[in-house]
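A quick write-up on the structure given underneath.
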Amino acid sequence: MPRLSLQDFLHTSPDIPLLDVRAPLEYAQGHIPGAVSFPLFSDEERARIGTTYKQVNPDKAVLMGLDMFGPKMSRMVQLAQKLAPAKQVRVHCWRGGMRSGAVQWLLELAGFQVQLLNKGYKDYRHFALTEFAQPRPLLVLGGLTGSGKTDVLHELARRQQPLLDLEGLAHHKGSAFGSIGQPAQPTQEQFENELAWLLADLPVSAPVWVEDESRTIGSVHVPPPFFAQMQAAPLVLLEIPRAVRVQKLAAEYGREDAGALATSILRIRKRLGGLATKEALAAIAEDDMEKMVSLVLDYYDKTYTHSLGARHPLRVPSDTCDPAVNAELVLRAARQLVTA
C-alpha cells in the first residue's frame with residue numbers, strides 16, 4: 001500500500017491498530033498516543049546494528065539486521081494476528097525507513113493490509129512541537145491551593161465546555177503533594193505527545209479552559225510556546241475563604257498515606273522553614289490534617305499570590321468549594337470577558 005502523510009495516517013479509522021516497530025526504549029521515551037509497541041529489534045539488537053552501521057559499514061549492518069529478523073518472522077505475524085484480527089494495521093518506525101518497510105513487507109506477505117507512515121515518528125514529533133505555537137483562545141482558571149479548581153474544570157467539561165486538563169496529562173496535581181495517589185509521570189516527550197494530540201482535537205472557535213499552572217508540573221514542564229499563551233490569556237481567579245480551603249484539603253489528605261504526606265513535607269522543608277516543617281510533621285503524626293494543611297498553605301498562598309505578578313485577573317468570590325456552584329459563577333464571569 002502507498003505511504004501515507006501524517007494527517008492521513010492519524011485520521012485513518014482508530015479501530016485499525018497502530019504498531020510502533022521501534023525498539024522498546026524508543027517507545028518508552030515517547031510514542032504516538034494509542035500506539036502499541038511492536039518492536040522489530042530489541043534495545044540491544046538495535047544498538048549492535050547501529051554500531052555496526054557507523055563503525056563498520058551499512059551493508060554489514062543490513063545483513064546483521066536480516067539475520068536477527070528472520071527467526072522472528074513467524075512470531076511477529078502471530079502477534080499481529082492477535083492485535084489485528086481484521087488484518088488491517090498502521091505501521092511506523094523512526095523515519096519511515098527500513099524497519100517499518102521490513103515489517104510492512106512481512107505483514108503484507110501474511111495477508112495484512114498495511115498503512116505506512118511516510119516519515120515515521122519523527123514527523124509526529126515535528127507536528128507536536130509545531131502545535132504548541134498555534135494561537136488558540138484560552139480561558140485560564142486560577143485560585144489559591146485548595147480552591148477546587150480541578151473539580152470546577154471537570155464540571156465545566158460536563159457542561160460541554162472545551163477543557164485541557166494539564167494535571168491529568170501530567171499525572172500530577174502540581175504541588176509538593178501532587179504525586180500522591182497518582183500513576184507514574186510520563187516522560188517529557190510523551191507529555192508533549194499527548195498534549196499536542198489533545199490540542200489538535202480542540203475547537204478553534206470556542207475558548208478552551210485550562211488551569212493556571214506554573215512552568216513545571218511535577219517532573220514535566222509545559223512547552224514554552226503554549227505556556228506563553230496561558231500567561232497572556234484572560235485569568236478567572238476563584239477566591240475561596242481560607243477556612244473552606246483548609247477543610248477541603250484536610251479531608252482529601254486525611255485519606256492519604258501518612259508516610260507519603262511526610263515525604264512531601266520534607267520535599268519543601270527549606271521553603272517552609274525548620275519550625276513549620278517540624279510542626280507539620282508532628283501534625284501528620286497526630287492525624288491533625290487541618291493543622292498540617294494550614295501550615296503548608298502559609299507557603300503556597302504567598303507563592304501563588306507572588307506568581308500573579310502584573311496579571312489582572314477577573315476575581316470570582318465564592319464561599320464554597322461546591323464545583324457546580326463555582327462552575328456557574330465562573331461561566332458568568334467568562335461571559336463578561338467574552339462580551340467585553
Problem - Filter result (of a type in the set (Val, Ile, Thr) and either within 20 Å of Leu66 (Cα to Cα) or open to solvent by 30 Å² or more (accessible area, probe 1.4 Å) (or both)) within the range 18-44 - result: Val21, Val36
Handout entry: Hits in the range 105-139 (condition: within 26 Å of the chain's Cα centre (by Cα) and aromatic (Phe, Trp, Tyr))
Key = Tyr121, Tyr124, Phe127, Phe132
Practice task
Please specify each residue of the range 250-270 satisfying the condition of being out of contact with any helix residue (DSSP H, G or I) (no Cβ under 6 Å at 6 or more places or on another chain), in a helix (DSSP H, G or I) and within 16 Å of Tyr300 (Cα to Cα).
Solution key: Ser264, Leu266, Arg267, Lys270
Completion exercise
Residue set Met230, Met292; condition open to solvent by less than 70 Å² (accessible area, probe 1.4 Å), touching a strand residue (DSSP E or B) at 6+ places or on another chain (Cβ under 8 Å) and part of a helix (DSSP H, G or I); output residue Met230
Exercise for the section: Could you pull out the residue among Gln182, Gln134, Gln160 that is at positive phi, surrounded by fewer than 18 Cβ atoms within 10 Å (Cβ to Cβ) and either modelled with pLDDT under 95 or not in a helix (DSSP H, G or I) (or both)? Expected result: Gln160
Problem - Scan of the range 295-311 for residues that are outside any loop (DSSP other than H, G, I, E, B) and of a type outside the set (Lys, Arg), ordered by number - result: Leu295, Val296, Leu297, Asp298, Tyr299, Tyr300, Asp301, Thr303, Tyr304, Thr305, His306, Ser307
Completion exercise
A careful count of residues in the range 45-93 that are surrounded by 12 or more Cβ atoms within 10 Å (Cβ to Cβ), in a helix (DSSP H, G or I) and basic (Lys, Arg) gives 4
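The values are calculated or read from the model by the stated rules, or taken from the named source; none is laboratory data. Computed from a predicted model, the values in this text were never measured in an experiment. Note that each Cβ is placed from the backbone with ideal geometry, even for glycine, and that neighbours are counted across all protein chains shown. Side chains are part of the model used for accessible areas, which takes the heavy atoms of the whole protein and leaves out ligands, DNA and RNA. Shrake-Rupley method; radii C 1.70, N 1.55, O 1.52, S 1.80 Å.
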